[in-house]
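Colleague: Quick one: the structure is below, and I'll ask about it shortly.
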Amino acid sequence: RIIESFPSVTSGMASSATFQSTVNPNGAATSVYFEFANDPDFLFPTTTTPQNIGSGTANVAVTQSATGLNRGTFYYFRVVASNATATVTSQANWFTTLETTVQTLSAADITFDSALLKGAANPQELSTDVYFQFGTNVSLT
């Protein structure tokens with residue numbers, strides 16, 4: 001058995017994720033990478049850069065990051081370990097990247113010709129512009 005632990009996401013953000021797993025080289029020079037895709041069959045996966053973890057006989061914690069992910073998107077991922085003996089792929093796990101959230105709050109200090117508009121935005125690590133749209137009807141015209 002080369003892969004010793006089910007892969008997990010240690011942190012998922014709006015456009016990046018950090019994967020981790022534990023792999024045992026079992027005495028053979030071993031390289032490890034993670035695959036991620038939008039489909040469970042991994043027909044067109046994206047891979048992290050292979051990482052050489054040596055040829056020891058102890059478990060090795062492997063952590064790799066992926067960037068450039070689409071926000072608010074569901075991804076499948078798995079770890080792949082390869083050495084002269086075998087190439088082994090773990091079962092798939094999944095995560096969803098975060099999405100920028102916006103909330104309109106109740107206006108305050110409303111008078112005939114003014115109001116204090118309130119809202120909250122969580123940009124989830126992305127550069128974000130925030131503004132209010134307002135009008136005299138629901139079409140904001």
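The values are calculated or read from the model by the stated rules, or taken from the named source; none is laboratory data. Quick caveat: nothing in here was measured; it's all calculated off a predicted structure. Every residue, glycine as well, gets a Cβ built from its backbone with ideal geometry; the counts of neighbours run over all protein chains shown. SASA here: full protein model, heavy atoms, side chains in, ligands and nucleic acids out. Shrake-Rupley method; radii C 1.70, N 1.55, O 1.52, S 1.80 Å.
Colleague: Which number in (1) within 24 Å of PRO123 (Cβ to Cβ); (2) open to solvent by less than 70 Å² (accessible area, probe 1.4 Å); (3) of a type outside the set (A, V, I, L, M, F, W, C) marks the one condition that ARG71 misses?
Modeller: For ARG71, the failing item is (2).
Colleague: Open to solvent by less than 50 Å² (accessible area, probe 1.4 Å), of a type in the set (Gly, Ala, Ser), under 16 Å from the mean Cα position of the chain (by Cα) and within 14 Å of GLN91 (Cα to Cα): which single residue out of ALA37, ALA14, ALA66 fits that description?
Modeller: ALA37
Colleague: Next question, about the same structure. At least 2 residues that are touching a strand residue (DSSP E or B) at 6+ places or on another chain (Cβ under 7 Å) and modelled with pLDDT under 85 in each: list the strands (runs of 3 or more DSSP E) lying fully within the stretch 62-141 that qualify.
Modeller: Once the strands (runs of 3 or more DSSP E) in the stretch 62-141 are filtered for at least 2 residues that are touching a strand residue (DSSP E or B) at 6+ places or on another chain (Cβ under 7 Å) and modelled with pLDDT under 85, what remains is 101-108, 116-122.
Colleague: Output the number of residues of the stretch 84-101 satisfying the condition of being surrounded by 12 or more Cβ atoms within 10 Å (Cβ to Cβ) and more than 30 Å from ILE2 (Cα to Cα).
Modeller: Looking only at that region, the number is 3.
Colleague: ILE3 - would you say it is touching a residue at least 60 places away in the same chain (Cβ under 8 Å) and either closer than 19 Å to ASN83 by Cβ or open to solvent by 70 Å² or more (accessible area, probe 1.4 Å) (or both)?
Modeller: Numbers: touching a residue at least 60 places away in the same chain (Cβ under 8 Å): yes; either closer than 19 Å to ASN83 by Cβ or open to solvent by 70 Å² or more (accessible area, probe 1.4 Å) (or both): yes.
Answer is yes for this residue.
Colleague: Moving on. Would you confirm whether or not the stretch 1-20 contains a residue that is in a loop (DSSP other than H, G, I, E, B), among the polar types (S, T, N, Q), touching an Asp or Glu at 6+ places or on another chain (Cβ under 8 Å) and within 17 Å of ARG71 (Cα to Cα)?
Modeller: Scanning the stretch 1-20, I find at least one residue that is in a loop (DSSP other than H, G, I, E, B), among the polar types (S, T, N, Q), touching an Asp or Glu at 6+ places or on another chain (Cβ under 8 Å) and within 17 Å of ARG71 (Cα to Cα), so the answer is yes.
Colleague: Does THR46 satisfy the criteria of being open to solvent by 90 Å² or more (accessible area, probe 1.4 Å), at pLDDT 90 or above and hydroxyl-bearing (Ser, Thr, Tyr)?
Modeller: On the way: open to solvent by 90 Å² or more (accessible area, probe 1.4 Å): no; at pLDDT 90 or above: yes; hydroxyl-bearing (Ser, Thr, Tyr): yes.
Here the answer is no, as THR46 does not meet what is asked.
Colleague: Read through the list (1) of a type in the set (A, V, I, L, M); (2) surrounded by 12 or more Cβ atoms within 10 Å (Cβ to Cβ); (3) touching a Ser or Thr at 6+ places or on another chain (Cβ under 9 Å); (4) not in a loop (DSSP other than H, G, I, E, B), then give the number of the only condition that ALA28 fails.
Modeller: Result: ALA28 passes all but (4).
Colleague: Looking at (1) at pLDDT below 95; (2) open to solvent by 40 Å² or more (accessible area, probe 1.4 Å); (3) over 13 Å from the mean Cα position of the chain (by Cα), find the lone condition where GLN51 falls short.
Modeller: Here GLN51 clears every test but (1).
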